[in-house]
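Sharing a structure below in structure tokens format, with a few things to ask.
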Amino acid sequence: MNLELLESFGQNFPEDFDGALDCVSIAITCTFNRQGTLLAVGCNDGRIVVWDFLTRGIAKFINAHVHPVCSLSFSRNGRKLLSAATDNTVSIWDVLSGENDKVFRFPSPVLKVQWHPRNCNQFLVCPLKHAAVLMTIKGDHKIVPLDDDSDLNIIASFDRRGRYIYTGNAKGRILAFKMEGLDLAASFRVTTGGLNTTAIKSLEFARRGECFLVNSADRIIRVYESREVLTCGLDGEPEPMQKLQDLVNKTLWKKCCFSGDGEYIVAGSARQHSLYIWEKAVGNLVKILHGTKGELLLDVVWHPVRPIIASISSGLVSIWAQNQVENWSAFAPDFKELDENVEYEERESEFDLEDEDKEKEESKAPVEEDVEVDVSTIEPIQAFVSSDEDEEDANALLFLPVSPEVEEPEDGWQGENQQKRPPPPPSSAVSRISGEDHAVHTEKKKDTPSSGVEKRTRQDTSSSDRRRGQQDATTPPASKKKKTKTIDVDLPDAPHDEVHPLLNVKKAPEKGHSKKARPQKSKSSKVEKSRHKDRSSRGGEDMDSENTGIY
């Protein structure tokens, strides 16, 4: 796939709705891998659905958690997936096999998890009303320091290359810590004018360039440049590059993110399913994408490479993309689209190998026909390579292999497997029935009207047993699942009685009680009904036999 040819001339942002992805369960959050070939969706029932985004098909189901999944993050090579659930657990999953590597249990709810952009052994966790925690796969953790304001509503994020950790609190204070030693490198305060401050809701960094955005509670998205923030140092006053907001409706933003090239910014409304797209360089609003009315937006992500946006509302993943317009002039430069058929006058020398009427041009520089074309070397796709890298990651996981499920195999395939099966036991081992007993047995079968049905059921069960035996013979024995190691993360100052914001505590028990309050039919009543039916059928048979005896 040549991504450079897919780029259209002009705008590079989605324009229209391009279908929805139904995960069977209710979708809550989603994230792309680094190349944009896989989309992981966290659901309300704790499952993670991995989509092959090129074919728009489900590649894998991962039965991850029991409670809803609230945050997801792919590792740099795409082989590990980090997930957080509302039951205060964080898990690491192997994307290829779907197995759980480790589980970390926290004392308080987890709002966000994020892999380190360059180091697959470290990740960042943001617990509720607690300082951010820098974790390692082994279970070691460091608490990111707090500011003097001692505000516990912390949101944190790695920068583009993982050299710094940026944190923001509810008092508008943003801090930048170095990864080595977690030393404070820069700090500033987001103000609304004068001495008034605003709470920081999220921090998002662009994949290209040095910009990051700050989504605050005053409904303004501020775009800063990280170099300027670091040069201003402690208690600096960097000026934002852009201030983006909805001047008409004063919309509160649920989720904001950059485009893959960092030139556009998309923000999802917290009131309805509406996506606002701005151009970062100018700051003008270029597009508003409206979803179904009455739906609430949960998550928004931009494709890392292409102008595609995925948004989640009402349990479905909506895809927004560009309108593909057929441009025939790309195949023939002098192509003209006609409204009506035009009679074409053929020239006499049009299909001649050499035009006799054409004047011979003076011979210019000799044309080199024997030019060696290099076909063997593979040039890296620039969209998949960072600015400080020369080659693509050879260990990156782009696609998941999918094996087809054979429901009804062919006859030849069964015959081959039957040869592999062990031979049946000898006839001597089977119990023999005497001739008289066999005759009596057959007469009894003839008398009962259900003997034909029993024969059919026995044949069906025997055929199904054969199929099961063939499947057991072909499928290898399932290996025992290894026990996942659960690590308890000790945070002494973490609140233990907090509930995750996604959980609605008031409505959940009412629904449960209403279901339990309904009278359920006991199993004994079902058994009695079945016995009653058997008796009535037997009574009908006896009446038939009596009637036959009278006549």
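The values are calculated or read from the model by the stated rules, or taken from the named source; none is laboratory data. Keep in mind that what you see is a predicted model, and the values were worked out from it rather than measured. When we count neighbours, we look across all protein chains shown, and the Cβ atoms used for this are built from the backbone with ideal geometry, even at glycine. Calculation scope for accessible area: heavy atoms of the full protein, side chains included, ligands and nucleic acids excluded. Shrake-Rupley method; radii C 1.70, N 1.55, O 1.52, S 1.80 Å.
Where in the range 95-141 are the strands (runs of 3 or more DSSP E), entirely inside, with at least 2 residues that are over 25 Å from N153 (Cβ atoms)?
On the way: elements: 100-105, 110-115, 122-127, 133-136.
Qualifying strands (runs of 3 or more DSSP E): 100-105.
Out of all the residues in the range 211-234, is one or more open to solvent by 10 Å² or more (accessible area, probe 1.4 Å) and β-branched (V, I, T)?
Within the range 211-234 (the criterion being open to solvent by 10 Å² or more (accessible area, probe 1.4 Å) and β-branched (V, I, T)), the answer is yes, since at least one residue qualifies.
Across the range 16-25, what is the total count of residues that are part of a loop (DSSP other than H, G, I, E, B) and either open to solvent by less than 20 Å² (accessible area, probe 1.4 Å) or modelled with pLDDT of 95 or more (or both)? First the steps, then the outcome.
To start, the set of residues in the range 16-25 that are part of a loop (DSSP other than H, G, I, E, B) comprises 22-25.
Narrowing the set further to residues that are either open to solvent by less than 20 Å² (accessible area, probe 1.4 Å) or modelled with pLDDT of 95 or more (or both) leaves 23, 25.
Total meeting the criteria: 2.
Among the candidates I92, I28, single out the residue that is part of a strand (DSSP E or B), in contact with a Lys or Arg (Cβ under 6 Å, 6 or more places away or on another chain) and either without any contact (Cβ under 8 Å) to a residue 24 or more places away in the chain or of a type in the set (V, I, T) (or both).
Values: I28 fails: in contact with a Lys or Arg (Cβ under 6 Å, 6 or more places away or on another chain).
Checking each option against the conditions leaves just I92.
Also, quick follow-up: Using beta carbons and a limit of 9 Å, which pairs, at least six apart or on different chains, have the first residue in the range 329-350 and surrounded by 10 or more Cβ atoms within 10 Å (Cβ to Cβ) and the second one basic (K, R)?
Here the result reads S329/K336; S349/K358, each pair linking the range 329-350 to a residue that is basic (K, R).
Go over the candidates E279, E295 one by one and state the one that is free of Cβ contacts under 8 Å to residues at least 40 places away in the same chain, open to solvent by 10 Å² or more (accessible area, probe 1.4 Å) and within 21 Å of V41 (Cβ to Cβ). Talk me through it step by step, then tell me what you get.
Details: E279 fails: within 21 Å of V41 (Cβ to Cβ).
Just a single option satisfies the conditions, and that option is E295.
Please state which one of L82, L146, L111 is surrounded by fewer than 21 Cβ atoms within 10 Å (Cβ to Cβ) and more than 17 Å from F205 (Cα to Cα). Break it down into steps so the answer makes sense when it comes.
Values: L82 fails: surrounded by fewer than 21 Cβ atoms within 10 Å (Cβ to Cβ); L111 fails: surrounded by fewer than 21 Cβ atoms within 10 Å (Cβ to Cβ).
Answer to the selection: L146.
Could you tell me whether the range 215-224 includes any residue that is farther than 24 Å from A321 by Cα and among the acidic types (D, E)? Working first, answer last.
Of the range 215-224, the ones farther than 24 Å from A321 by Cα are 215-220, 222-224.
Next, only the ones that are among the acidic types (D, E) stay: 218.
Yes, the range 215-224 contains at least one residue that is farther than 24 Å from A321 by Cα and among the acidic types (D, E).
Among residues belonging to the range 241-263 that are surrounded by 14 or more Cβ atoms within 10 Å (Cβ to Cβ) and of a type in the set (A, V, I, L, M), point out the one that is nearest to R208 (Cα to Cα).
Taking the range 241-263 and keeping what is surrounded by 14 or more Cβ atoms within 10 Å (Cβ to Cβ), we get 241-242, 244-246, 251-263.
After this cut, where a residue has to be of a type in the set (A, V, I, L, M) as well, the list is 241, 244, 252.
On the way: M241: 16, L244: 20, L252: 26 Å.
Only one residue fits best here, namely M241.
Tally time: how many residues in the range 180-207 are surrounded by 16 or more Cβ atoms within 10 Å (Cβ to Cβ) and farther than 16 Å from G233 by Cα?
11
Test of understanding: among V300, V286, V266, which residue is touching a residue at least 24 places away in the same chain (Cβ under 8 Å), in a strand (DSSP E or B), within 19 Å of L213 (Cα to Cα) and open to solvent by 10 Å² or more (accessible area, probe 1.4 Å)? Before you say what the answer is, go through the steps one by one.
Numbers: V300 fails: open to solvent by 10 Å² or more (accessible area, probe 1.4 Å); V266 fails: open to solvent by 10 Å² or more (accessible area, probe 1.4 Å).
Matching residue, one of V300, V286, V266: V286.
Consider V266 carefully, then state whether it is at pLDDT 95 or above, within 21 Å of the chain's Cα centre (by Cα) and at negative phi. Steps first, answer last, please.
Details: at pLDDT 95 or above: yes; within 21 Å of the chain's Cα centre (by Cα): yes; at negative phi: yes.
Against the criterion (at pLDDT 95 or above, within 21 Å of the chain's Cα centre (by Cα) and at negative phi), V266 qualifies.
Which of the numbered conditions does Q272 fail, given that it passes all the others? Conditions: (1) assigned to a loop (DSSP other than H, G, I, E, B); (2) in contact with a Ser or Thr (Cβ under 8 Å, 6 or more places away or on another chain).
Among (1) assigned to a loop (DSSP other than H, G, I, E, B); (2) in contact with a Ser or Thr (Cβ under 8 Å, 6 or more places away or on another chain), the lone unmet condition for Q272 is (2).
In addition: Please find, among V41, V24, V133, the residue that is out of contact with any helix residue (DSSP H, G or I) (no Cβ under 6 Å at 6 or more places or on another chain) and either on the phi > 0 side of the Ramachandran plot or among the aromatic types (F, W, Y) (or both). Don't jump to the end; show me each part of the working.
Working: V41 fails: either on the phi > 0 side of the Ramachandran plot or among the aromatic types (F, W, Y) (or both); V133 fails: either on the phi > 0 side of the Ramachandran plot or among the aromatic types (F, W, Y) (or both).
The conditions single out V24.
Please list, ordered by first then second residue, the pairs with beta carbon atoms under 6 Å, 6 or more apart or interchain, first in the range 378-392 and free of Cβ contacts under 8 Å to residues at least 40 places away in the same chain and in a loop (DSSP other than H, G, I, E, B), second open to solvent by 60 Å² or more (accessible area, probe 1.4 Å) and not hydrophobic (A, V, I, L, M, F, W, C).
P380/E391; P380/E392; V385/E392
Next question. Would you point out which residue out of K336, K364 is out of contact with any Leu (no Cβ under 8 Å at 6 or more places or on another chain), at pLDDT below 65, farther than 30 Å from R79 by Cα and assigned to a loop (DSSP other than H, G, I, E, B)? Spell out the reasoning first.
Values: K336 fails: at pLDDT below 65.
Residue meeting the stated conditions: K364.
Same structure, new question: In the range 314-321, is there at least one residue being more than 14 Å from the chain's Cα centre (by Cα) and open to solvent by 90 Å² or more (accessible area, probe 1.4 Å)? Outline the logic, then answer.
Initial filter on the range 314-321 (more than 14 Å from the chain's Cα centre (by Cα)): 314, 320-321.
Among the residues that remain, those that are also open to solvent by 90 Å² or more (accessible area, probe 1.4 Å) are: none.
Scanning the range 314-321 turns up no residue that is more than 14 Å from the chain's Cα centre (by Cα) and open to solvent by 90 Å² or more (accessible area, probe 1.4 Å).
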